Amino acid sequence: MTPKKSKGRQKIQMMKMEKESNLMVTFSKRRSGLFKKASELSILCGVEIAIIVFSPGKKVFSFGHPSVETIVERFLSHNPPPNSSTSQFVEAHRNANIHELNRQLAYDISQLEDQKLKGEQFCQMRKASQDNHWWEAPIESLGLGELERLNIIMGLLKQNIEEQKKRHLAEAANPMSNVPISSPMGISMTPHGLVLGYGHLSR
């Protein structure tokens with residue numbers, strides 16, 4: 001069995017990073033995670049929250065529910081939320097829309113992180129496959145890490161096959177997609193790029 005070279009996930013020391021590239025990457029990841037947690041908190045607990053972040057490059061990023069402006073203005077003026085029925089109705093309608101946007105944002109961030117993780121795994125597997133042809137070895141001789149990578153590859157292959165199968169079934173269920181479209185000049189164009197005109201066939 002091939003000895004494990006990686007040390008696994010290492011705990012990051014809580015001190016400012018000196019390398020600018022690492023600092024920017026870490027800031028981007030942590031900021032997305034912070035906004036995601038804030039969105040989940042507003043959705044699960046119905047809280048009103050505002051976060052303002054200045055990046056190392058002096059750029060401003062913010063997240064707020066119902067909005068950053070509303071929370072900041074209320075904080076600075078110390079005004080409680082209005083109690084009139086009309087204002088409450090408008091606020092409830094706006095909060096419902098923002099709640100849905102926050103839910104969609106949390107879902108999109110989760111999907112983005114999932115796709116990013118899959119992309120990193122794919123790049124690692126591609127690099128490993130270029131370094132050595134371990135997949136050609138008998139399964140019995142593969143280590144745990146190699147078996148896990150092989151399982152992921154097979155899963156991705158199965159997913160691609162299922163998507164292609166669904167596409168072909170959809171095309172077969174819609175025969176009109178294969179019917180040539182005729183023009184007033186007697187020339188037709190098929191989905192495969194064949195031009196038919198007055199008994200003549202050409203590509």
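Values in this text are rule-based calculations from the coordinates and carry no lab data. Owing to the predicted nature of the structure, the values given are computational and were not obtained by experimental measurement. Cβ: placed from backbone, ideal geometry, glycine included. Neighbour counts: every protein chain shown.
What to note about this one:
- Cα-based shape type of segment 20-81, given that a ≥ b ≥ c are square roots of the gyration tensor eigenvalues and the cut on a/c is 1.5: oblate
- Extension gain for the segment S67 to S55, taken as residue separation times 0.36 nm less the Cα-Cα distance, is 2.3 nm to one decimal.
- Sequence of H78, H65, H168, H99 once ranked by neighbouring C-beta atoms within 10 Å, starting from the fewest: H78, H168, H99, H65
- Spacing of the two label points (7 Å from each Cα toward its C-beta) at Q111 and C45, in nm: 2.8
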